[in-house]
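Working notes, structure below.
Derivation of every value follows stated rules applied to the coordinates shown; laboratory data play no part. From a predicted model like this one, the values you see are computed outputs, not experimental measurements. Counting neighbours? That spans all protein chains shown, and the Cβs are built from the backbone with ideal geometry, glycine included.
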Amino acid sequence: MSKDDIFTKIPELNYTETAQNIDPNEFEKLIHGRRSVRVYIEEKISDEIINKCIDAALLAPSSSNLQPWEFYRVKSPEKKKEIAKYCLNQPAARTASELIICVARRDTWKKHAKQMLELFESDKEQETPSSVISYYSKLVYLANTIGPCGIVGFFKKILIAFKRLSGVMPGGNSSVSDMRVWAHKSTALACENLMLAFRAYGYDSCPMEGFDESKVNKFLNLPKGAEATMIISAGKRADNGVYGQRVRFPKEQFYFEI
Ligand SMILES: Cc1cc2nc3c(=O)[nH]c(=O)nc-3n(C[C@H](O)[C@H](O)[C@H](O)COP(=O)(O)O)c2cc1C
């Protein structure tokens, strides 16, 4: 199975999934209704709703479906106080009934690729196309291996530059910073799912990057390949919870038809 086949061949599958109808008005209400809320009232969110929101986060798309994320719900009041302190005691953290630390893991891709292959192997209902097996057993490694001190990534970068002279070649990840971007991208998508889910269940949220990363990473005892993408606070919106009208720059500044 060549690299080109993996990308271009439509696999023969015995599977269909019909798209459900969604009420577009409800969708718009959800998107427009999500605001960053900085002040919450003292009202708890049930465990059931929190679990549904976390489930929604975990349904976000991720690069190669390798799910490079983790979510830590801070439950104890003492720990919440500590995390709020690391979030500079901003009201969005201080008044929140929930604090969820969303972590990007650039170090779990190998384990998850193996897990994916094991899942395929144990699937009795459907045979996994060989292109998919090749993808998780070979291409994912080619794309993400950077080697000790980035040595593999360095040579990979040079090779890719040469290959690009004569064709189309995706860059993959060649350095720790590439891997960081890779993991944070997918984790941020999960964060948006989480925030939209809170809104859908009648609660609100605030994404926060205003926190002491090193203290939070240490608090969670995270390994070197993991770091918090953002902390999401959540709770019941107070009357003064939204600080003002939504501000967005003109669409023409950001949207282009080419
Ligand atoms: C990555 C990221 C980090 C943010 N960090 C903070 C933060 O630390 N504190 C805060 O009050 N808001 C924070 N925000 C919220 C933004 O200020 C907010 O999304 C923006 O002002 C737009 O408002 P809206 O979310 O209500 O549309 C953050 C948003 C994002 C996406």
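State the Cα centre-to-centre distance between region 1-64 and region 154-168 in whole Å.
35
Treating only the Cβ atoms of Lys and Arg (+1) and Asp and Glu (-1) as charged, compute the dipole magnitude of region 23-135 about its Cα centre; round to the nearest 20 debye. Write down the numbers at each step before the final one.
Numbers: 19 positive and 18 negative charges, 168 e Å.
The dipole of region 23-135 has a size of about 800 debye.
How big is the dipole moment of region 3-77 about its Cα centre under a simple scheme where the beta carbon of each Lys and Arg is +1, that of each Asp and Glu is -1, and everything else is neutral? Debye, nearest 20, please. Each step should come with its number before you reach the end.
Working: 10 positive and 13 negative charges, 87 e Å.
For this selection, approximately 420 debye.
Residues in region 175-214, backbone N under 16 Å from the label point at N25 (7 Å along the Cα-to-beta-carbon vector): list them, ranges by number please.
none
Mind checking the full-extension length gain between F249 and F162? Use 0.36 nm per residue of separation minus the Cα-Cα distance, one decimal, nm. Intermediate results must be reported in sequence, preceding the final value.
Details: separation 87, 0.36 × 87 = 31.32 nm, distance 4.01 nm.
That works out to 27.3 nm of additional length.
So what is the relative contact order for the chain, in percent, with contacts set as C-alpha pairs under 8 Å and at least six apart? Write down the numbers at each step before the final one.
On the way: 356 pairs, mean separation 86.8, N = 258.
Taking the mean separation of contacting Cα pairs over the length of the chain, I get 34 percent.
Determine the shape class of region 1-136: with a ≥ b ≥ c the square roots of the Cα gyration tensor eigenvalues, call it rounded for a/c under 1.5, and otherwise prolate if a/b is greater than b/c, oblate otherwise.
Details: a/c = 2.81, a/b = 1.85, b/c = 1.52.
Prolate, because a/c is 1.5 or more and a/b exceeds b/c.
Given the -39500 (n - 2.57) contribution per DSSP H run of 4+ residues, what per-residue ellipticity at 222 nm results for the chain, rounded to the nearest 500 deg cm²/dmol? Spell out each step's value before the answer.
Values: 11 runs with 114 residues, N = 258.
Estimated from H runs of four or more residues: -13000 deg cm²/dmol.
Could you tell me which of rounded, prolate or oblate describes region 166-218, using a ≥ b ≥ c as the square roots of the eigenvalues of the alpha-carbon gyration tensor, with rounded for a/c under 1.5 and, failing that, prolate when a/b is larger than b/c and oblate otherwise?
Numbers: a/c = 4.81, a/b = 1.62, b/c = 2.96.
It is oblate, given that a/c is not under 1.5 and a/b is not larger than b/c.
Students often check this: by mean Cβ neighbours within 10 Å, which of 250-258, 34-42, 71-79 ranks highest, and how do the rest follow?
Details: 250-258: 6.1, 34-42: 18.4, 71-79: 13.2.
Listed from highest to lowest mean packing, they are 34-42, 71-79, 250-258.
Relative contact order of region 126-216: what whole-number percent is it, with Cα pairs under 8 angstrom and at least 6 residues apart?
Working: 46 pairs, mean separation 18.5, N = 91.
Reported relative contact order: 20 percent.
Expected output is a single nm value to one decimal: the length gained when fully extending between Q126 and A188, i.e. 0.36 nm times separation in residues minus the C-alpha distance. What is it?
On the way: separation 62, 0.36 × 62 = 22.32 nm, distance 3.16 nm.
Here the segment from Q126 to A188 would lengthen by 19.2 nm.
So what is the orientation-averaged projected area of the chain, using the convex hull of its C-alpha atoms, in nm²?
Details: hull surface 72.2 nm².
Result: a mean projected hull area of 18.1 nm².
For region 180-227, with only Lys/Arg (+1) and Asp/Glu (-1) charged at the beta-carbon, what is the dipole magnitude about the Cα centre, in debye rounded to 20? Walk me through the intermediate numbers first.
Values: 6 positive and 6 negative charges, 40 e Å.
In total the dipole reaches around 200 debye.
Would you calculate the separation in nanometres between label points at T18 and K111, each defined as 7 Å from the Cα along the Cα-to-beta-carbon direction?
4.0
Would you mind calculating the gained length between S177 and S36 on full extension (0.36 nm times residue separation, minus the Cα-Cα distance), in nm to one decimal?
On the way: separation 141, 0.36 × 141 = 50.76 nm, distance 2.84 nm.
In short, 47.9 nm is gained.
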